[in-house]
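First the structure, in the form of structure tokens, and then the observations on it.
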Amino acid sequence: MPFGGFPRIVAAITSRPVVLLVIAVLVLVVVRQDGSSGSRPSAARASLPKGGIVSPWELAVGSFSGTAIDEQSDSIALTNYGVGPNEPNQLQVVDLVRGTVRWAVTADVTWVTNPDGTLAATPDGLAFLTTDVLYGNDPVYGVQLSTGELVWRARPSSNSEPRLVGGLLMLETDAGVLALDAKTGAERWQWTADDDCGEYGPELNEMNSGGITAKCGGAIYHIKVADGTTAWRWSVRNGCIIRNESSAAGIVAAIVTCGDDQALHVVDGDSGAQRWSRAIDWDKEGADPADPDQGAAGVAVVLAGDTPMVAALGPGQVYAAFDGKPVPLPPGLVPVYYSGYPGPAGLLLQRDDGRGLTLTVVDPAAGHVVWERALPFPAEHNPEGKGTYLYRFAGGVLYVVGVVPLLWPAVIALIDGQSGDMTLSAAGRGNVDLIGTGVDGTLYLTYGPYGQSRLTALRVTGSSSGFLGSQLGSDQWPDACRLLSAAQYRSAYPGVTPTLQPEALRLPGVELPAPPRCRYLPSAIDGTEVTVSVSWLADAADEARRVAEGQNPYGRDPVAVAVGKAKRPALQWDDTNTGVDLMERIRVSFAVGRCVANVETLGDSSPLVALAGSVADSLANPVVSPGCSA
């Protein structure tokens, strides 16, 4: 029977109060283009499209924020987290081909996901639910994604979130690991460590589909998925501590500290024999006192094409996994962790200097640069957090999504993994959370202000070759400093002559001849600062109006106003950042033809609508702003 349709099961799931743990998953991944609505297009490799965006479908999802994708079953799982300690979550499953809701349920559960944020699911479309906060002996449910049918339920003796590996759900216990059959929920085996795993039990990592590693105290075990037996045990000497461990591609890497010394150890995943070790510098005294690892290095197994490498995080050192040979890196570069296959032609590295992001591929054997590409995504504007980007390879193309300062839409970078050739395309949406990809060339994302989110599928078509894949060239962009004169500012604020400060857009691959933003700075500290910006030129006037209505990053209700001689519809927003802004910050958004504009005051907002009207009239003047009516 459908999971959303049986009250007894829902009552069983929601029978006790829980404290809800809100987890926001932000996956910045995009995919390649091809195909049409309602059916899965071909995944064949083609040349990089230059721009143009189409949306096969779009769905209003409101406050649903937690999202995870399973492309095998054509499913997107969403969660609307309850706002109170006793309020259950709302869950629903969306068909990612059609954009329709298959089924929904309200219960004190949440989806089980993979470490990369995708939905944990079997090849035949069985997904898993468990409680938000794990108390021990928490129920786990197997649910069919296509219908919502509850296939099984279990109450394992564990207080950890399940992890799907090789057809089994792995759960940590106080003394070891418990494995459930993913198809039936039946217990398959239990594994108990010979060492004390501590208060929180072992730390699990997936080495490959046939085995996992478990870190317990001063030892690392390789456990066979098939029967739960120990393949091997690798340990450190007394007094030493395994600080961090990473397993992938048949390689196990560990950071070990002994007294004041730190070393990187690499172990063969098949035999458990140590391949090599290297001393790593350790600034133990300079570590954050709150850091339980005392500033020890992190470690990660990464791929350079098909070749596994080991990176010591912090020191920024990379070694060949099989022999420990160091890879010489250009200064300031750190390894990139990506999902998807096949990967680039070598080791993918990134550098963020605050102005933009640079990606470099290095040949791990020769140490020379294969290709290097600068992207217009400064870290402080990155929605994933400063210095952190998420990457996806699909069909040999690397997809990176970021925010270009001064512009409204998210921007998609498509980079050929072998040659480094790149194209940039505006996503046509702002405030974007990119949640998943398909190898067929479809991008799945949510966008819009909090509480008013929409879920959509996008494809890059290659049909437009203008600025960032639009239909207009960069020379069509209005000069923001010509839209409001100093005399018009003085009329609004008598006796004050402003200093005009243009803000140019000069980033790699994204340049505008005229400044898209202009600040009008008062001469006195208590004066009002006015900012005029043209945040986007849409392909059509009706699209520009929709964009203007979406200029709401905070989910606050706007006030409808009319601006300019034509009494154009506009929206007035309160953007005041309480505790940061010393004066109120009010903004008016509107569209004139293809142009989307914002006029903001920091201080006295009483003349704001009149100032916005002056800007609207300038945008309507084809001599001043020909691109708005082009």
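The values are calculated or read from the model by the stated rules, or taken from the named source; none is laboratory data. Owing to the predicted nature of the structure, the values given are computational and were not obtained by experimental measurement. Glycine gets a Cβ as well: all are built from the backbone with ideal geometry, and neighbour counts include every protein chain shown. When the accessible area is computed, the model is the full protein with side chains, heavy atoms only, and any ligands, DNA or RNA have been set aside. Shrake-Rupley method; radii C 1.70, N 1.55, O 1.52, S 1.80 Å.
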Checklist outcome for this item: By residue number, the members of the range 455-510 that are within 29 Å of residue 57 (Cα to Cα) and either modelled with pLDDT of 95 or more or part of a loop (DSSP other than H, G, I, E, B) (or both) are 461, 462, 463, 464, 465, 466, 470, 471, 472, 473
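Considering only the range 154-173, I want to know if a residue exists there that is closer than 25 Å to residue 442 by Cβ and under 26 Å from the mean Cα position of the chain (by Cα).
Just the residues of the range 154-173 that are closer than 25 Å to residue 442 by Cβ, to begin with: 164.
Checking the rest, the ones that are also under 26 Å from the mean Cα position of the chain (by Cα) come to 164.
Yes, there is a match, as at least one residue in the range 154-173 is closer than 25 Å to residue 442 by Cβ and under 26 Å from the mean Cα position of the chain (by Cα).
Keeping to the range 534-575, report how many residues are part of a loop (DSSP other than H, G, I, E, B), of a type outside the set (A, V, I, L, M) and open to solvent by 30 Å² or more (accessible area, probe 1.4 Å).
As a first pass, look at the range 534-575 and keep what is part of a loop (DSSP other than H, G, I, E, B): 538-540, 550-558, 564-567, 575.
Now restrict to residues that are of a type outside the set (A, V, I, L, M): 539, 550-558, 564-565, 567, 575.
Add one more test, that the residue is open to solvent by 30 Å² or more (accessible area, probe 1.4 Å), and what stays is 539, 550, 553-554, 556-558, 565, 567.
Residues flagged as part of a loop (DSSP other than H, G, I, E, B), of a type outside the set (A, V, I, L, M) and open to solvent by 30 Å² or more (accessible area, probe 1.4 Å) within the range 534-575 amount to 9.
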Checklist entry - So how many residues does the range 424-452 have that are crowded, with 24+ Cβ neighbours inside 10 Å, of a type in the set (S, T, N, Q) and closer than 20 Å to residue 546 by Cβ? => result 1
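Condition first: in contact with a Lys or Arg (Cβ under 9 Å, 6 or more places away or on another chain) and part of a loop (DSSP other than H, G, I, E, B). Can you find one or more residues in the range 602-610 that meet it?
Checked the range 602-610: at least one residue is in contact with a Lys or Arg (Cβ under 9 Å, 6 or more places away or on another chain) and part of a loop (DSSP other than H, G, I, E, B).
Among strands (runs of 3 or more DSSP E) lying entirely in the range 141-187, which contain 1 or more residues that are of a type in the set (Phe, Trp, Tyr), in contact (Cβ under 8 Å) with a residue 12 or more places away in the chain and open to solvent by 10 Å² or more (accessible area, probe 1.4 Å)? Spell out how you get there, then give the answer.
Values: elements: 150-154, 163-165, 168-172, 176-181.
The qualifying strands (runs of 3 or more DSSP E) are 150-154.
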Next on the checklist: Show the residue pairs meeting these rules: Cβ distance below 7 Å; 6+ apart or different chains; first residue within the range 314-340 and in contact (Cβ under 8 Å) with a residue 24 or more places away in the chain and at positive phi; second residue among the aromatic types (Phe, Trp, Tyr) and open to solvent by less than 20 Å² (accessible area, probe 1.4 Å).
Outcome noted: 340/393
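In the range 30-72, what residues are of a type in the set (Asp, Glu) and either within 23 Å of residue 414 (Cβ to Cβ) or modelled with pLDDT under 70 (or both)?
First pass over the range 30-72, keeping only residues of a type in the set (Asp, Glu): 34, 58, 70-71.
Hits for the range 30-72 are 34, 58, 71.
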Item to check | Residues (over 21 Å from residue 114 (Cβ atoms) and touching a strand residue (DSSP E or B) at 6+ places or on another chain (Cβ under 6 Å)) located in the range 198-226 | outcome: 218, 219, 220, 221
Checklist entry - For the subset of the range 100-117 comprising residues that are over 14 Å from residue 79 (Cβ atoms) and at pLDDT below 95, which member is surrounded by the most Cβ atoms within 10 Å (Cβ to Cβ)? => result 114
Checklist entry - So which residues in the range 311-336 are surrounded by 15 or more Cβ atoms within 10 Å (Cβ to Cβ), under 29 Å from residue 507 (Cβ atoms), at pLDDT 80 or above and small (Gly, Ala, Ser), if there are any at all? => result 311
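Restrict the check to the range 237-244 and report whether at least one residue is surrounded by fewer than 18 Cβ atoms within 10 Å (Cβ to Cβ) and in contact (Cβ under 8 Å) with a residue 40 or more places away in the chain. I'd like the intermediate steps shown before the answer.
Residues of the range 237-244 surrounded by fewer than 18 Cβ atoms within 10 Å (Cβ to Cβ): 237-241.
Narrowing further to those that are in contact (Cβ under 8 Å) with a residue 40 or more places away in the chain: none.
Among the residues of the range 237-244, not one is surrounded by fewer than 18 Cβ atoms within 10 Å (Cβ to Cβ) and in contact (Cβ under 8 Å) with a residue 40 or more places away in the chain, which makes the answer no.
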Checklist entry - within 21 Å of residue 151 (Cβ to Cβ) and open to solvent by 10 Å² or more (accessible area, probe 1.4 Å), is that true of residue 57? => result no
Next on the checklist: Among the residues of the range 267-296, what is the count of those that are of a type in the set (A, V, I, L, M, F, W, C) and at pLDDT 90 or above?
Outcome noted: 6
Item to check | Pair list, Cβ < 8 Å and 6+ apart or interchain, from the range 61-90 residues that are over 14 Å from residue 114 (Cα atoms) and part of a strand (DSSP E or B) to residues that are of a type in the set (D, E, K, R) and open to solvent by 40 Å² or more (accessible area, probe 1.4 Å) | outcome: 61/454; 75/102
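Answer yes or no as to whether residue 457 is touching a residue at least 24 places away in the same chain (Cβ under 8 Å), closer than 19 Å to residue 537 by Cβ and among the small types (Gly, Ala, Ser). If you could, list the steps in order and put the result at the bottom.
Working: touching a residue at least 24 places away in the same chain (Cβ under 8 Å): yes; closer than 19 Å to residue 537 by Cβ: no; among the small types (Gly, Ala, Ser): yes.
Spelling it out, it is not the case that residue 457 is touching a residue at least 24 places away in the same chain (Cβ under 8 Å), closer than 19 Å to residue 537 by Cβ and among the small types (Gly, Ala, Ser).
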Checklist entry - Given the conditions (1) under 17 Å from residue 218 (Cα atoms); (2) open to solvent by 10 Å² or more (accessible area, probe 1.4 Å), and given that residue 254 satisfies all but one, which numbered condition is not satisfied? => result (2)
Checklist entry - Counting just the residues of the range 60-79 that are touching a Gly at 6+ places or on another chain (Cβ under 8 Å) and surrounded by fewer than 20 Cβ atoms within 10 Å (Cβ to Cβ), which one comes out nearest to residue 126 (Cα to Cα)? => result 72
